[in-house]
Each structure stands twice: as structure tokens, then as C-alpha cells.
Amino acid sequence: EQLSKASAAAIANNVAYSALRSAMSRAKTLLGKQMTAKAKADLQAAYDAASAIIDGNSDDDISVVAAQLDEAYTNATANSTIYTSLQSSILTANNLNKKDKEGVEELEEAIAAAQAVLDNESATIEEMSMAKSALDRAVLIFRMANATGTEPTVKTLSVIQGATIMFGRASFPSNMSETGFCWSENPEPTVLDYRTTTYYANNGNIYYMNNIKPSTVYYVRAYAISRGYKVG
């Protein structure tokens, strides 16, 4: 009986060590990616604690250390994703042709604000996400203010509203940069209000609008953005 218990414990221990090594391997790869300094430091600390157990230099509970490493890895993954996404938005904004264009000052202010968040070593995922949304909005406003070409013709065909979701069909011109639906509680919604580009394919495309409030009147219409950023 003692041998059986010892064998079971050894097997469980081996499984735990194997799982910890796998977690360390994932963490090591992630440490090579871009993220905030705080997220990287937290992940490194969790990795070092796990490494100490593997090397026999720590008597800490392996399950506790493994859980800490998993949590740090999850947080660092999300941090790295939004960090690189914000970085990409800043690069896109910086590469826009701003010579003799309208709204340059406002765009530059938005870029500077986003860069300040990116440079903050302790920036949270929420802060980076908000900075990206604000900058993407500023870029869209700038592009629309300096749009070229012809305004696309769009027709809203139908909209159905449920308690917390709406569906819509529309006809759009071909070769658009973006198509979808925008909505607001105020008349004549624009792409600067709520908007969606996601749809189900069912005898054509059915666009869906999530997270709406029940028992609420919404104004909804389809839109299209041309390659020159003209909006219809």
C-alpha cells in the first residue's frame, strides 16, 4: 500500500513537472515579444520562480507556482496583443500623408496621446485599448476630412431589432474599403457612432449589431466607405 501511494505521488509529481516545463516553454517564447515593461517583468518573475523549482533550488508548492505562471502568461499575452496593435495604429497614423491636409493638428494630438500610453511602462490593457480606439477614430476622421473620389450609393434594405441585438440587410457598391451598419439613439447615425462590419452569410449578408439596450429606440442605416474614404 505504501508503495502504491508513493508510486501515485511520483506519477502526479512527474505530470506536474512536465506541465510546468511546458508552461515555461510558452512563457520563454512570449518573453521575446513586445509588451509593457511591467507585464514583461511580471512574466519574468513567474518564469524565474518556476525555473527555481525545476532546478531544485526552491521548495515552493509547484501547483501554486504553476498557477502564478499561467496567470502571468495569460495577462502578458493579452498585453502583448493590444500593445502591438496600438503600435501598429500609431505607425499607420504617422505614415499618413499630412501635407496641406485638413485636421492635421487634431491628428497629431491623437498620435501624441497614443504614444504617451504606449511609452507608459505600466499601462494597462484597458488604457492601451482605449488609446487605440481613440487614435483609430482620429485617423478615420482625418481620412474622411480629406476624402477623394465619389460618394458611394448605399441602400438599407431591412433592419430587425431584438432585445439586445439587431440585424440588417443592405446593398452596397463593389470594391469598397468598408461596408456595414451604423446606429445611434440620435437621428442620422454616422460611422463615428456605433458601427459594425460583421455579418452572417445567408442568401446574402446579414449584418448584426450587438450589445444594444432593450426597450430603446435606435436609428440605423447601412454605410460604405470608398477606397478614397468617401462615406455613403
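Mind giving me the nanometre distance, one decimal, between the label points for GLU185 and SER58, set 7 Å out from Cα along Cα→Cβ?
5.0 nm
Sum -39500 (n - 2.57) across every DSSP H segment of at least 4 residues in the chain, then divide by the residue count to get the 222 nm mean residue ellipticity, nearest 500.
Rounded to the nearest 500, it is -18000 deg cm²/dmol.
Once amide H atoms are placed 1.01 Å from N in the peptide plane, what residues at a sequence separation of 5 or more from GLY180, or on another chain, have their amide H within under 5 Å of its amide H?
So GLY180 has HN proximity to TYR223.
Given a Förster radius of 35 Å and the C-beta distance between GLU178 and GLU106 as r, what FRET efficiency does 1/(1 + (r/R0)^6) yield to the nearest 0.05?
Calculated transfer efficiency: 0.95.
Please compute the net charge surrounding ASN120, taking Lys and Arg as +1 and Asp and Glu as -1 over other residues with Cβ under 11 Å from its Cβ.
-2
Compute the Rg to Rh ratio over the chain from the alpha carbon atoms, using the Kirkwood formula for Rh, and round to two decimal places.
Answer for the chain: 1.16.
Please compute the contact order of segment 89-232 in relative form: average sequence separation of alpha-carbon pairs under 8 Å and at least six residues apart, divided by the residue count, as a percent.
This gives 24 percent for segment 89-232.
For segment 87-149, rounded, prolate or oblate, judged on the Cα gyration tensor with a ≥ b ≥ c (square roots of eigenvalues), a/c < 1.5 rounded, else prolate if a/b > b/c?
prolate
Of all accessible surface on segment 99-195 at a 1.4 Å probe, what whole percent is carbon and sulfur?
Using a 1.4 Å probe with all protein chains present, segment 99-195 comes out at 49 percent carbon and sulfur.
Heavy-atom accessible area per residue, segment 104-146, 1.4 Å probe: how many Å²?
Per residue, segment 104-146 has 55 Å² of solvent-accessible surface.
Test of understanding: given the chain, find the longest segment containing no GluC sites (Glu not before Pro) that are in a DSSP loop and have at most 14 other Cβ atoms within 10 Å.
With GluC sites (Glu not before Pro) excluded where exposed in loops, the chain gives 2-101 as its longest stretch.
Under 19 Å from a point placed 7 Å out from the Cα of ALA45 along the Cα-to-Cβ direction: which residues of segment 21-35 have their backbone N that close?
24, 27-28, 30-32, 35
Suppose R0 equals 25 Å; then what is the FRET efficiency for ASN210 and THR150 from their Cβ-Cβ distance, rounded to the nearest 0.05?
Step by step, r from the Cβ atoms, then E = 0.20.
The values are calculated or read from the model by the stated rules, or taken from the named source; none is laboratory data. Here the structure is a predicted model, which means the values were calculated and not measured. Note that each Cβ is placed from the backbone with ideal geometry, even for glycine, and that neighbours are counted across all protein chains shown. To get the accessible areas, we keep the full protein, side chains included, count just its heavy atoms, and leave off ligands, DNA and RNA. Shrake-Rupley method; radii C 1.70, N 1.55, O 1.52, S 1.80 Å.
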